[in-house]
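The values are calculated or read from the model by the stated rules, or taken from the named source; none is laboratory data. Because the structure is predicted, anything quoted here is derived from the model rather than measured. In this analysis, Cβ positions are derived from the backbone assuming ideal geometry, glycine residues included, and neighbour counts consider all displayed protein chains. Quick note on the areas: whole protein, heavy atoms, side chains included, nothing else; ligands and nucleic acids left out. Shrake-Rupley method; radii C 1.70, N 1.55, O 1.52, S 1.80 Å.
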Amino acid sequence: MNFKELQQQLAQTNTRLIAVSKTKPNEQIMELYELGQRDFGENRVQEMADKYEALPKDIRWHFIGHLQTNKVKYMADFVHLVHSVDRQKVLKEINKRAKQSGRVIGCLLQFHIAEEESKFGFDLPEAKAMLEGAAFQNFEHVRICGVMGMATFTDDQDKVRREFQALHRIFDTLREAYFSDQPHFKEISMGMSGDYLLAQEEGSTMVRIGSLLFGPRN
Ligand SMILES: *Cc1c(COP(=O)(O)O)cnc(C)c1O
């Protein structure tokens, strides 16, 4: 897929492109960097930290993978946005490490919207319980900027669309209940190479696209 065409397509709705560069070498990242791309997504902390060290410092690194608490410290100094916060324990650790780094780290709450068992994420009652809980009120070094989700891997377009709609409704519910006075709560991270057009139609503000830009992964 042509990068410029993709950019134009996404610009129609102000949807931000996160170029998912996991497993891809720095040279391929730099090709997109030279074209103006600054947001890159990775799903392994060590790989992201290595790329951060080697590449230009104005790249915004998005962490999109399942996060183990013992890895948070390796990215707390530089990560731009963590898309995949799926339990309170992880948020607590991000808060702790962000404080040590003198930062406030942007986070998205990942929701389980797909039918597949294996996909991580909150459901709405769990997220509400966390947001209303006492512990959360003390997390001053994280900023919840929105929600993230992955649709079921299927050819059934209606199903994928319904799952994106469900995530959008979760976003609206949370914004109204907890973030109505917080303009930074504005992101809906949904859509990948196979379903980003549907996601865009359903109000995605960030699409995470890998193989369409970089070619298939091994
Ligand atoms: C790998 C990955 C993507 C990108 O997938 P493509 O199908 O290659 O676009 C998006 N989101 C997450 C969470 C991923 O792990």
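Summary of values
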| read-out | value |
| --- | --- |
| Label-zone membership for the stretch 146-187, site D123, 7 angstrom Cα→C-beta point, backbone N under 15 Å | 167, 170 |
| Cα centroid separation, the stretch 203-218 to the stretch 128-155 (Å) | 23 Å |
| Built amide H within the under 5 Å cut-off of M148, gap 5+ | L109, Q110, F111, S189 |
| Integer Hz, Karplus 6.51/-1.76/1.60 couplings in order for the stretch 71-79, x for Gly and Pro | 9, 4, 4, 6, 10, 4, 6, 9, 4 |
| Amide proton proximity set for R16, modelled H, under 5 Å, gap of 5+ | M206, V207 |
| When the convex hull of its Cα atoms is projected in every direction, mean area for the stretch 3-214 (nm²) | 11.3 nm² |
| Accessible area (Å², per residue) of the chain, counting only protein heavy atoms and a probe of 1.4 Å | 50 Å² |
| Phi to ³J(HN,Hα) by Karplus 6.51 cos²θ - 1.76 cosθ + 1.60 over the stretch 135-141, Hz, x for Gly, Pro | 4, 4, 5, 9, 7, 8, 10 |
| Calculated FRET value between R60 and K89, using beta carbons and R₀ = 35 Å, to 0.05 | 0.85 |
| Accessible surface of the chain [probe 1.4 Å, protein heavy atoms]: carbon and sulfur percent | 46 percent |
| Amide H contacts under 5 Å for V142, placed H, 5+ residues apart | I105 |
| Hz values of 3J(HN,Hα) by residue in the stretch 37-47 - Karplus curve (6.51, -1.76, 1.60), Gly and Pro given as x | 6, 10, 9, 10, x, 9, 10, 10, 5, 4, 4 |
| Sequence ranges 21-34, 175-188, 98-111, ranked by mean other-Cβ count within 10 angstrom, highest first | 98-111, 21-34, 175-188 |
| Calculated [θ] (222 nm, deg cm²/dmol) that DSSP helices of n ≥ 4 give over the chain, each run adding -39,500 (n - 2.57) | -11500 deg cm²/dmol |
| Selection from I18, F63, L197, by position along the positive dipole direction of the chain (Cβ) | F63 |
